[in-house]
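A.B. asks: Supplied in structure tokens, the structure appears directly below.
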Amino acid sequence: MAGKPKLHYSNGRGRMESIRWLLAAAGVEFEEEFIETKEDLEKLQNDGVLLFQQVPMVEIDGMKMVQTRAILNYIAAKYNLYGKDLKERAWIDMYVEGTTDLMGMIMYLPFQPADTKEKNLALIIERATTRYFPVYEKALKDHGHDYLVGNKLSWADIHLLEAILMTEECKPDILSAFPLLQAFKGRISNIPTIKKFLQPGSQRKPPTDDKTVAIVRKIFNF
Amino acid sequence: MSEKPKLHYSNTRGRMESIRWLLAAAGVEFEECFLETKDDLTKLQKDGSLLFQQVPMVEIDGMKMVQTRAILNYIAAKYNLYGKDLKERALIDMYVEGITDLNELIITRYFQPADKKEEHFATLLDKATNRYFPVYEKVLKDHGRDFLVGNKLSRADVQLLETILMAEECKPDILAKFPLLQSFKARTSNIVTIKKFLQPGSQRKPPLQEKDIPRLMKIFH
């Protein structure tokens, strides 16, 4: 297990951002190699280091891991952020899949045609406030603990914080009806490793702007 | 942990089929409650049984589990189909996610707009034969073993077989260039629990037919 994990992706959030969050929260230092052109991606593909010709790819513990969920599952389990038993893992998985669906919608927003953006943004806000956030608010209310599962920090908490901050970028007062999530946000943001990641100069990536959209479209051909 | 798991979904493959496969392969008997109308779905939503208002939902071990991956992860771990350690799990997860991506192309082919159907189908066949199947053929070739990971049956093998059979429904000779996948298919199909699931009368669902699509759209849209 020598060397730091090495992340291969474009210099933007996309599908790699949740991996950056999880490593950072676990206090794991990592390196990044940014794909800037189509040729950079083709080189990786021709080198045979991308199992399905795709990124994210993370070099970790002697493996060249691909597939976002496989990478996240591995990091979560390795750093004890995946619950203490099968049942806790089941809950963490359910919660994470919900925040994945929500963040997935937000991730695609910059890439959608201008005339559908408003409609899609409205759908994101509706889903966030009526389908997803109520679930996490209720989970915290029901057990009254600081963390979503097992009274201990897990991947589910880190992923939820990431989703909250991303959704607030869409609508700053989106947590107005969710007092427990507001407190959760404050609390989890203050965990030293996470606090550090939230500071300027960290490896956290900014929201995707038009410039990044153009670069990503060129690299990945869509 | 007394009763049988109970599956809530429409009487179709969709996102529940991989769950049926895994339970069947693990030798676990299960019951099914089929959604036939929009009211059936609305009732489950109003009951508070669906964490994110969606199916699949599986009642298992006192939980009402939702989210296909969460359900599959739980079943795989519970029935020892998830490798023996973190590294085996990492490999299984990578293989399964690749299969899931191909699976997604296959199951969404019915729902493409008419003008995109042909292109989508061509992409599906191209990805199957140039991106996904070569990976699993190479895995089997490199270690020469019967199963994808750890020389033991895992969810990766079960899900690969499921997807191979669905891909063959799209193009019967799709495995023409993959001799090891052909023998993998035969071998894995012969595992007792899987063989049983592949027989008529099992809970395996048939391919979707065009005529079923309007009814499905009514329930879910």
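The values are calculated or read from the model by the stated rules, or taken from the named source; none is laboratory data. Everything numeric here is computed off the predicted structure, so don't read it as measured data. Using ideal geometry, Cβ is built from the backbone for each residue, glycine included, and neighbour counts are taken over all protein chains shown. Note: areas computed on protein heavy atoms with side chains; ligands, DNA, RNA excluded. Shrake-Rupley method; radii C 1.70, N 1.55, O 1.52, S 1.80 Å.
A.B. asks: What share of all Cα pairs of the range B:120-170, in percent, falls into each consecutive 5 Å distance bin?
C.D. replies: Pairs per bin, as whole percents: 4, 19, 25, 26, 15, 8, 3, 0.
A.B. asks: Sticking with this structure for a sec: Output the pairs from A:K138/B:K205; A:K171/B:K117; B:K116/B:K171; A:K117/B:K127 with a Cα-Cα distance over 26 Å in this structure; if there are none, say none. Write out the running numbers ahead of the final one.
C.D. replies: Working: A:K138/B:K205 36 Å; A:K171/B:K117 36 Å; B:K116/B:K171 18 Å; A:K117/B:K127 30 Å.
Those over the limit are A:K138/B:K205; A:K171/B:K117; A:K117/B:K127.
A.B. asks: Right, another one. Once the Cβ-Cβ distance between B:N151 and B:S49 is put in as r, and R0 is 41 Å, what FRET efficiency do you end up with, to the nearest 0.05?
C.D. replies: 0.55
A.B. asks: Could you work out, residue by residue across A:66-75, how many beta carbons of other chains sit within 10 Å of that residue's beta carbon, and then give the average as an integer?
C.D. replies: Working: counts 4, 9, 1, 7, 10, 4, 1, 9, 7, 1.
Mean shielding by partner chains, rounded to a whole number: 5.
A.B. asks: Quick one: Cα centre-to-centre distance for the range A:87-125 and the range B:51-110, in angstrom?
C.D. replies: 19
A.B. asks: Taking only the alpha carbons of chain B, what extent do you get along each of the three principal axes, in Å, biggest first?
C.D. replies: Cα extents, longest axis first: 51, 48, 32 Å.
A.B. asks: Could you pull out the GluC sites (Glu not before Pro) across the range A:129-180 that fall in loop regions by DSSP (anything but H, G, I, E, B) with no more than 13 other Cβ atoms inside 10 Å?
C.D. replies: The qualifying sites: there are none.
A.B. asks: Shifting gears a bit: Among A:P134, A:P56, A:P206, which one shows the highest mean-square fluctuation when chain A is modelled as a Gaussian network with alpha-carbon springs under 10 Å?
C.D. replies: A:P206
A.B. asks: In nm, give the distance between the simple-model label positions of B:I213 and B:T37, each being 7 Å from the Cα along the Cα-to-Cβ direction.
C.D. replies: Here the answer is 2.5 nm between the modelled labels.
A.B. asks: Which of the peptides B:75-86, B:136-147 is most tightly packed, and how do the rest follow, judged by the mean count of other Cβ atoms within 10 Å per residue?
C.D. replies: Those peptides, ordered most packed to least, come out B:75-86, B:136-147.
A.B. asks: Label points 7 Å out from Cα along the Cβ direction at B:D85 and A:H145: separation in nm?
C.D. replies: Result: 2.9 nm between the two label points.
A.B. asks: If you don't mind, another one. Multiplying the sequence separation of A:S202 and A:V49 by 0.36 nm and subtracting their Cα-Cα distance, what value in nm do you get?
C.D. replies: Extra length from A:S202 to A:V49 when fully extended: 52.4 nm.
A.B. asks: Using the Cα centre of the range A:1-159 as the reference point, and only Cβ charges (+1 on K/R, -1 on D/E), how large is the resulting charge dipole? Debye, rounded to the nearest 20.
C.D. replies: Using only the charged Cβ atoms, the result is roughly 420 debye.
A.B. asks: Continuing with this model, one more query. Residues of the range B:93-117 with accessible area at least 40 Å² lower in the all-protein-chain context than alone (1.4 Å probe)?
C.D. replies: In the range B:93-117, residues shielded by partner chains: B:D93, B:M94, B:E97.
A.B. asks: Scan the range B:1-108 for GluC sites (Glu not before Pro) in coil per DSSP, keeping those whose Cβ has at most 14 other Cβ atoms within 10 Å, and list them by number. Working shown, then result.
C.D. replies: Numbers: sites: B:E3, B:E17, B:E29, B:E31, B:E32, B:E36, B:E59, B:E88, B:E97, B:E104; in loops: B:E3, B:E29, B:E36.
Those that pass, being in a loop and sparsely packed, are B:E3, B:E29, B:E36.
A.B. asks: Computed FRET efficiency, Cβ-Cβ of A:Y108 and B:N130, R0 22 Å: what is it to the nearest 0.05?
C.D. replies: E between A:Y108 and B:N130, to the nearest 0.05, is 0.30.
A.B. asks: Report, in order of residue number, the helices in chain A meeting two criteria: a C-alpha extent of 24 Å or more along the helix axis, and a mean Kyte-Doolittle hydropathy of at least 0.0; treat each whole DSSP H run as one helix.
C.D. replies: Taking the DSSP H segments of chain A (at least 24 Å long, mean hydropathy at least 0.0), we get A:86-108.
A.B. asks: Right, something else. At 222 nm, what value in deg cm²/dmol follows for the protein assembly as shown if DSSP H runs of at least 4 each add -39500 (n - 2.57) and the sum is divided by all its residues, to the nearest 500?
C.D. replies: After summing the helix terms and dividing by residue count, I get -16500 deg cm²/dmol.
A.B. asks: Here is a follow-up. Under a straight-distance cross-link criterion of Cα-Cα below 18 Å, which lysines are reachable from A:K64, leaving out those fewer than 8 residues away in the same chain?
C.D. replies: A:K4, A:K6, A:K43, A:K78, B:K87, B:K138
A.B. asks: Separate question: Along each principal axis of its Cα atoms, how long is the protein assembly as shown end to end? Whole angstroms, biggest number first, please.
C.D. replies: Principal axes ranked by extent give 58, 53, 46 Å for the Cα atoms.
A.B. asks: With the Cα gyration tensor of chain A in hand, convert its eigenvalues to equivalent ellipsoid semi-axes via √(5λ) and list them largest first in whole Å.
C.D. replies: Working: eigenvalues 160, 106, 43 Å².
Largest first, chain A gives 28, 23, 15 Å.
A.B. asks: Between the range B:144-215 and the range A:173-222, how many Å separate their Cα centres?
C.D. replies: Centre-to-centre (Cα) distance: 41 Å.
A.B. asks: On a full-extension model of 0.36 nm per residue, what is the gain between A:A177 and A:K211, subtracting their alpha-carbon distance, rounded to one decimal in nm?
C.D. replies: Separation in residues times 0.36 nm, less the Cα-Cα distance, equals 8.8 nm.
A.B. asks: Let me ask something else about it. What nm value, rounded to one decimal, do you get for the distance between A:E168 and B:F121 when each label is placed 7 Å out toward the C-beta?
C.D. replies: Here the answer is 5.0 nm between the modelled labels.
A.B. asks: Roll a 1.4 Å probe over the protein heavy atoms and report the accessible area of B:V192 in Å², nearest 10.
C.D. replies: 120
A.B. asks: Which of A:P134, A:Q182, A:L160 sits farthest toward the positive end of the charge dipole of the range A:127-188, with +1 on the Cβ of Lys and Arg and -1 on the Cβ of Asp and Glu?
C.D. replies: Farthest towards the positive pole: A:P134.
A.B. asks: Can I ask one more? If the cut-off is a Cα-Cα distance under 17 Å, which lysines reach B:K78, setting aside same-chain residues fewer than 8 apart in sequence?
C.D. replies: Here the lysines satisfying the reach criterion relative to B:K78 are A:K84, A:K87, B:K4, B:K6, B:K64, B:K152.
A.B. asks: Would you mind getting me the FRET efficiency between B:K205 and B:D173? Use the beta-carbon distance for r and R0 = 25 Å, nearest 0.05.
C.D. replies: Rounded to the nearest 0.05, the efficiency is 0.60.
A.B. asks: Here's another thing I want to ask about it. At 1.567 mPa s and 4 °C, plugging the Kirkwood radius over alpha-carbon pairs of the range A:86-191 into Stokes-Einstein gives what diffusion coefficient in µm²/s?
C.D. replies: 92
A.B. asks: Still on this structure, please answer the following. So, with +1 on the Cβ of K and R and -1 on the Cβ of D and E, and no other charges, what is the size of the charge dipole of the protein assembly as shown about its Cα centre, to the nearest 20 debye?
C.D. replies: The dipole magnitude comes to about 520 debye.
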